[in-house]
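Encoded as structure tokens, the structure appears first; notes follow it.
The values are calculated or read from the model by the stated rules, or taken from the named source; none is laboratory data. What you see is a predicted model, and the numbers here were worked out from it, not measured in a lab. Neighbour counts are summed over all protein chains in view; Cβ atoms, including those assigned to glycine, are modelled from backbone coordinates with ideal geometry. We work out accessible area using only protein heavy atoms, side chains counted, and drop any ligands, DNA or RNA first. Shrake-Rupley method; radii C 1.70, N 1.55, O 1.52, S 1.80 Å.
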Amino acid sequence: MNQLDLVFGALADPTRRAILDRLTLGEATVAELAKRFPISLPAVSKHIKVLETAGLLKQRVVAQTRPCRLDAESLKRAGDYFEMFRPQWEERFDQLSDYLEQLQAEGHK
């Protein structure tokens with residue numbers, strides 16, 4: 001499985017997206033992250049492992065804690081992937097807009 005597949009797979013889960021959202025505010029330990037969700041600490045740890053494998057976050061060991069921080073490089077690569085399609089999408093939206101304007105000019109609703 002390539003890195004982009006791992007990123008999209010990780011982002012498919014709302015809990016993992018919420019974890020990433022929290023990490024945009026700064027580093028947090030696994031325990032701090034787990035407090036935000038109605039799931040067990042081991043379940044949160046599994047989500048974190050998926051995010052780490054996808055390259056979306058990094059952990060470090062500090063005494064007995066494992067602070068996590070966002071690693072946005074993989075998100076940037078996912079954004080770059082979508083950016084490749086922007087010209088096609090814009091062209092199609094322009095065509096749709098032109099068609100709708102034509103219909104409106106002809107008196108169709």
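Values as computed for the structure displayed
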| item | result |
| --- | --- |
| Gained length - Glu52 relative to Ala12, 0.36 nm times residue gap less alpha-carbon distance | 12.9 nm |
| Which labelled figure in [x] 41, 26, 20; [y] 32, 30, 24; [z] 71, 29, 25 is Cα extents along the principal axes in Å, once derived from the coordinates | [z] |
| Leu103 accessible area, 1.4 Å probe, all protein chains in place, Å² to nearest 10 | 50 Å² |
| Crossing angle, helix 41-53 versus the chain [Cα axis fit, 0-90 degrees, rounded to tens] | 60 degrees |
| Carbon plus sulfur fraction of accessible area for the range 17-109, probe 1.4 Å, in percent | 55 percent |
| Helix 73-83 axis, angle to the chain major axis (alpha carbon atoms, nearest 10°) | 10 degrees |
| Solvent-accessible area per residue for the chain (1.4 angstrom probe, square angstrom) | 71 Å² |
| For the chain: lysine pairs under 27 Å (alpha-carbon distance), excluding those fewer than 8 apart on one chain | 8 |
| Percent RCO, i.e. relative contact order, over the chain, from Cα pairs under 8 Å lying at least 6 residues apart | 27 percent |
| Selection of chymotrypsin sites (Phe, Trp or Tyr not before Pro), the range 26-98, meeting DSSP coil and at most 12 other Cβ within 10 Å | Phe85 |
| Dipole magnitude of the chain, debye to nearest 20 (Cβ charges: Lys/Arg +1, Asp/Glu -1, about Cα centre) | 980 debye |
